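What follows draws every value from the coordinates through simple rules; no lab data is involved. Since this is a predicted model, take the numbers as computed values, not measurements. With ideal geometry, Cβ positions are generated from the backbone for all residues, glycine too; neighbour counts draw on all protein chains shown.
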Amino acid sequence: MSEIAPIVYVVDDDLSVRESLKFFIDAAGWQPELFETAMDFLSRAKPVVPSCLVLDLNLPGLNGLDLQKRVAVERPDMPIIFISGHGDVPTSVQAMKAGAVEFLIKPFSNDTLLNAIHSALARSRSVLDRETELQNLRERHALLSRREREVMGLVVSGFLNKQVGFELGISEITVKAHRGRVMQKMEANSFAHLVNIAAKLGVGGTA
């Protein structure tokens, strides 16, 4: 994922703003994707790569705050930087509470926008990395047999091998064998690592 240039989406109905931001985004080494309206943006397929959205507050049709609600549901990995020609404090507070990473008032300096985009893309990359890791863990967990999943759930909850055997009606030796296969399949290099994996998957609990 890190080899793919991040995408900076821009939704602004002002052509001069779009042209200016396109040049700026290109110069920074990112991929610009420009849209005049929120609906244009929503109709375009968006690859799952590190990205952010530079969004004008006042748009024809679906406005910036309404688009923010859609993006929050459909692409939670895409942070939003609002830009506006008006310093409306209540609106900016509303946008930030809804998850926007920045609210910039036009005109803003290139450095201010550069820093905001850098921060947004770093957040996007982090979210996507976590999602990729979780998907990999789910795929590994799906490879466990039913008994292995049972053993994993109990051991990460704090049960000793002997207690696991009693709970499942199997011998302690069999529990150890299952436990070893669980460690191998989940690619856990220690018991603490397995517990951490289980926490991410929502498996097990406190005994």
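Kindly identify the range 45-130 as rounded, prolate or oblate by the Cα gyration tensor criterion: order the square roots of the eigenvalues as a ≥ b ≥ c, call it rounded if a/c is under 1.5, otherwise compare a/b with b/c, prolate if a/b is larger, else oblate.
Working: a/c = 1.89, a/b = 1.30, b/c = 1.45.
Note, shape of the range 45-130 comes out oblate.
Suppose every K and R has +1 on its Cβ and every D and E has -1 on its Cβ; what is the size of the dipole of the chain about the Cα centre, in Debye to the nearest 20? Mind showing how you got there, number by number?
Values: 23 positive and 25 negative charges, 273 e Å.
Here the chain has a charge dipole of around 1320 debye.
Compute the projected area of the convex hull of the Cα atoms of the chain, averaged over all viewing directions, and report it in nm² to one decimal place.
Numbers: hull surface 58.2 nm².
For the Cα atoms of the chain, the hull's average projected area reads 14.6 nm².
Taking the Cβ of TYR9 as the centre, find all other residues whose Cβ is under 9 Å away and add up their charges (Lys, Arg: +1; Asp, Glu: -1).
Working: positive: ARG44, LYS46; negative: GLU33.
The answer is +1.
Give the residue from ALA27, ASN58, VAL17 lying farthest towards the positive end of the charge dipole for the range 1-68; charges sit on Cβ (+1 for Lys and Arg, -1 for Asp and Glu) and the dipole is referred to the Cα centre.
Of the candidates, ALA27 comes out farthest on the positive side.
Using alpha-carbon pairs under 8 Å, 6+ residues apart, how would you state the relative contact order of the chain in percent?
So the answer I get is 15 percent.
Could you give the distance between the Cα centres of the range 1-49 and the range 127-205, to the whole Å?
43
Placing unit charges on C-beta atoms (Lys and Arg positive, Asp and Glu negative, everything else neutral), compute the dipole magnitude of the range 131-203 about its Cα centre in debye, rounded to 20. Don't skip to the end; give the middle numbers.
Working: 11 positive and 8 negative charges, 38 e Å.
So the magnitude is around 180 debye.
In sequence order, what are the phi-derived ³J(HN,Hα) couplings for the range 127-134 according to the Karplus relation 6.51 cos²θ - 1.76 cosθ + 1.60 with θ = phi - 60°, rounded to whole Hz, with x for glycine and proline?
3J(HN,Hα) across the range 127-134, in whole Hz: 5, 5, 4, 5, 5, 5, 4, 5.
Quick check on the range 1-52: take the gyration tensor over C-alpha atoms, sort the square-rooted eigenvalues as a ≥ b ≥ c, and tell me if it's rounded (a/c under 1.5), prolate or oblate. Before the final figure, lay out each step's value.
Details: a/c = 3.64, a/b = 1.23, b/c = 2.95.
Note, shape of the range 1-52 comes out oblate.
Non-local amide H neighbours of LEU34 (under 5 Å, H modeled in plane, Pro and chain starts lacking H): which ones?
Those lying under 5 Å, H to H, from LEU34 are VAL10.
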